[in-house]
Amino acid sequence: MPDAYAARALFTTGIVNREPVDQVVSLDAYQGDIYFFTDLRNLEGRSVTHRWEFEGQFMGQIDFAVGGPRWRVYSKKTLNPGVSGKWTVLVLDESGWPLHASIFMQGPAQEE
């Protein structure tokens, strides 16, 4: 379906009323949960996956059944302090086709 897409897809430190509280692309010395929020359009009746990777390694995936023409979903990971690297979330449709990809950097921006 060519008009199926992710209208918004972003990392955030929280979700309130099914909406992200902020948008983050990197965090230093942050301990806690990081969320990946997706606002999906025209995917009703289909399934979508959030595939989490850290430094290119598969870390898990969450599957969602899309129940409407506009459907908001999120998944989360708990970040460990002292870990640095690149998180990637791929938003995939049921065939594995990528609808979106986002990157988040954890840890210090500069090496000491």
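Throughout, read-outs are computed from the coordinates displayed, never taken from laboratory work. If you're wondering where the values come from, they're calculated on a predicted model, not measured in any experiment. Because the Cβ atoms are built from the backbone with ideal geometry, glycine has one as well, and the counts that use them run over all protein chains shown.
Observations on the model:
- Gyration tensor verdict on the chain (Cα atoms; rounded if a/c is under 1.5, prolate if a/b is larger than b/c, oblate otherwise): prolate
- Spatial separation of Cα centroids for the stretch 36-79 and the stretch 5-25, in angstrom: 12 Å
- Most simply put, the stretch 5-106 has about 95% antiparallel DSSP beta bridges, counting only bridges with both residues inside it.
- Length-normalised contact order of the stretch 5-106 in % [C-alpha pairs under 8 Å, at least 6 apart]: 31 percent
- Sum of side-chain charges, Thr49 neighbourhood, beta-carbon under 10 Å (Lys, Arg +1; Asp, Glu -1): -2
- Residue order, fewest to most beta carbons within 10 Å, for Met105, Met59: Met59, Met105
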